[in-house]
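*Asks:* Take this structure, written in structure tokens, and hold onto it; I'll ask about it next.
The values are calculated or read from the model by the stated rules, or taken from the named source; none is laboratory data. Remember, it's a predicted structure, so these values are computed and weren't measured experimentally. Reconstructed Cβ throughout: ideal geometry from the backbone, glycine too, with neighbour counts over all protein chains shown. The protein model used for the area step is the full one, side chains on, heavy atoms only, and it has no ligands, DNA or RNA in it. Shrake-Rupley method; radii C 1.70, N 1.55, O 1.52, S 1.80 Å.
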Amino acid sequence: MPELPEVETVANGVHARVAGQRIVGVWTSGKSLTFKSPEAEIVETLTGARIEKVRRVGKTIVMDLSRGKTSGSQFLVHLGMTGRLLVSAPEVPMPLHTHAVLSLADSREVRFVDPRRFGKLSVVKEEGGYTGPGKEPTTISAGEFAKLFKGRKLAIKAALLNQSILHGVGNIYADESLFRAGIRPRKQAGKLTKAELARLHPALQEVLAKAIQLGGSSVSDYVDADGVRGFFQLEHKVYGRAGENCKDCTSPLKNIVVGGRTTVYCPKCQR
Ligand SMILES: [Zn+2]
């Protein structure tokens, strides 16, 4: 499942390849699960538009579009579990499970491929640009970050995953940042001390920045036409390591469920 760093890597890679291009034609598969906006509306919004920018908002890839002198529409791509956004030469055979093809003026194609179809495509028109449901974790200030959790009764792990509070943080980076900050995942968000918040903010931003940096170095694996390799895996300290020993203190890592999600933590390092 692509998380924030992978989505950012894909968005940056697609941006580098297609910014400034005009979309001259759009094909969609007719598989309704994939389309959150009516396909006809997606085709109409994209056809003839210029791609100004491709960027990440939360875990969504946003393609900012303009038409003549008017700007304001956005094409939103959510990769879901298995979605990929590829930039291909037209002669590259169409992969199975392709659900949308944007033909560009220079004849290349942007293809959305998604075998399991949890990915979603839609168009929106937000004045001032699409900003998403929550705050951006990679740029939020320490002060604003602390305010997000004030008075919240849910577990800090669940708060980190709540997309209307912070958008884009998934299970891997929630567990990894809580480990690095030495905080128990079940601790009530509103009860985090100033010191804990002061550790969690940089821990989360560092984990995300590191993963973006590492993912970014292999960007062609994601978006070029033959991109079939998996996503970069951060050197995980806890995620996916339940029952194994903590890399810092050698205690066995514990596995619990918080907010419906598998959660791994070290009972000794996280208090
Ligand atoms: Zn430990």
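*Asks:* Please find the FRET efficiency linking Glu206 to Ala242, where r is the Cβ-Cβ separation and R0 is fixed at 25 Å, and quote it to the nearest 0.05.
*Replies:* Calculated value: 0.60.
*Asks:* So which residue, out of Thr138, Thr28, Thr193, gets the largest mean-square fluctuation from a GNM of the chain using Cα contacts under 10 Å as springs?
*Replies:* Maximum among the listed residues: Thr193.
*Asks:* Can you work out ³J(HN,Hα) from phi for every residue in segment 14-27, in order, using Karplus 6.51 cos²θ - 1.76 cosθ + 1.60 and θ = phi - 60°, giving whole Hz and x for Gly and Pro?
*Replies:* In residue order, the calculated couplings are 5, 4, 4, 8, 10, 4, x, 7, 9, 8, 9, x, 9, 10 Hz.
*Asks:* Now, a different point. Taking amide H positions as placed in the peptide plane 1.01 Å from N, state which residues far from Ala155 in sequence (5 or more) or on other chains have amide H under 5 Å from it.
*Replies:* Ala189
*Asks:* Which loop-located trypsin sites (Lys or Arg not before Pro) does segment 131-172 contain, where loop means any DSSP state but H, G, I, E or B and the Cβ has at most 12 other Cβ atoms within 10 Å?
*Replies:* Taking segment 131-172 and a limit of 12 other Cβ atoms within 10 Å, the loop trypsin sites (Lys or Arg not before Pro) found are Lys150, Lys153.
*Asks:* Please get the size of the charge dipole for segment 4-124, origin at its Cα centre, with Cβ charges of +1 on Lys and Arg and -1 on Asp and Glu, quoted in debye to the nearest 20.
*Replies:* The calculation lands at about 200 debye.
*Asks:* Turning to a different aspect of this structure: Run through the DSSP bridge list for the chain and note the antiparallel percent, rounded to the nearest 5.
*Replies:* 95 percent
*Asks:* I'd like to check one number: the per residue accessible area of the chain, probe 1.4 Å, reported in Å² as a whole number.
*Replies:* So the chain comes to 46 Å² accessible per residue, rounded to a whole number.
*Asks:* Further question: Send over the Kirkwood Rh of segment 1-94, from the inverse of the averaged 1/r over different Cα pairs, rounded to one decimal Å.
*Replies:* 14.0 Å
*Asks:* Counting Lys and Arg as +1 and Asp and Glu as -1, each charge on the Cβ, what is the dipole of the chain about the Cα centre in debye, to the nearest 20?
*Replies:* 1400 debye
*Asks:* Whose amide H sits under 5 Å from the amide H of Gly72, counting only residues 5 or more places off or on another chain, with H placed in the peptide plane?
*Replies:* Residues meeting the amide H criterion: Leu65.
*Asks:* With the full set of protein chains in place, find how many percent of the accessible area of segment 79-170 is carbon and sulfur; take the probe as 1.4 Å.
*Replies:* Of the solvent-accessible surface of segment 79-170, carbon and sulfur hold 57 percent.
*Asks:* Still on this model: Under 19 Å between alpha carbons, and skipping anything fewer than 8 positions from Lys31 in its own chain: which aspartates and glutamates qualify?
*Replies:* In chain and number order, the partners are Glu39, Glu41, Glu44, Asp114.
*Asks:* Also, quick follow-up: Tell me, what HN-Hα J-couplings in whole Hz come from the Karplus equation 6.51 cos²θ - 1.76 cosθ + 1.60 at θ = phi - 60° for each residue of segment 34-49, using x for Gly and Pro?
*Replies:* In residue order, the calculated couplings are 6, 10, 7, 9, x, 4, 4, 5, 5, 4, 5, 5, 7, 5, x, 7 Hz.
*Asks:* I've got another one for you. Just to confirm a number: summing +1 for Lys and Arg and -1 for Asp and Glu over residues other than Gly134 whose beta-carbon lies under 14 angstrom from that of Gly134, what do you get?
*Replies:* Its environment carries a net charge of +3.
*Asks:* Taking H placed 1.01 Å from N in the peptide plane, check which residues at least 5 places from Gly119 or on another chain put their amide H under 5 Å from its amide H.
*Replies:* Residues meeting the amide H criterion: Met81, Thr82, Gly83.
*Asks:* Now a separate question. Please compute the alpha carbon radius of gyration of the chain, then divide it by the globular-protein estimate 2.2 N^0.38 Å. Two decimals is fine.
*Replies:* Compactness ratio reported: 1.08.
*Asks:* Using the Cα centre of segment 5-45 as the reference point, and only Cβ charges (+1 on K/R, -1 on D/E), how large is the resulting charge dipole? Debye, rounded to the nearest 20.
*Replies:* Here segment 5-45 has a charge dipole of around 120 debye.
*Asks:* Here's another thing I want to ask about it. Considering the dipole of the chain built from charges on the beta carbon (Lys and Arg +1, Asp and Glu -1) around the Cα centre, which of Thr82, Gly25, Val258 is farthest to its positive end?
*Replies:* Val258
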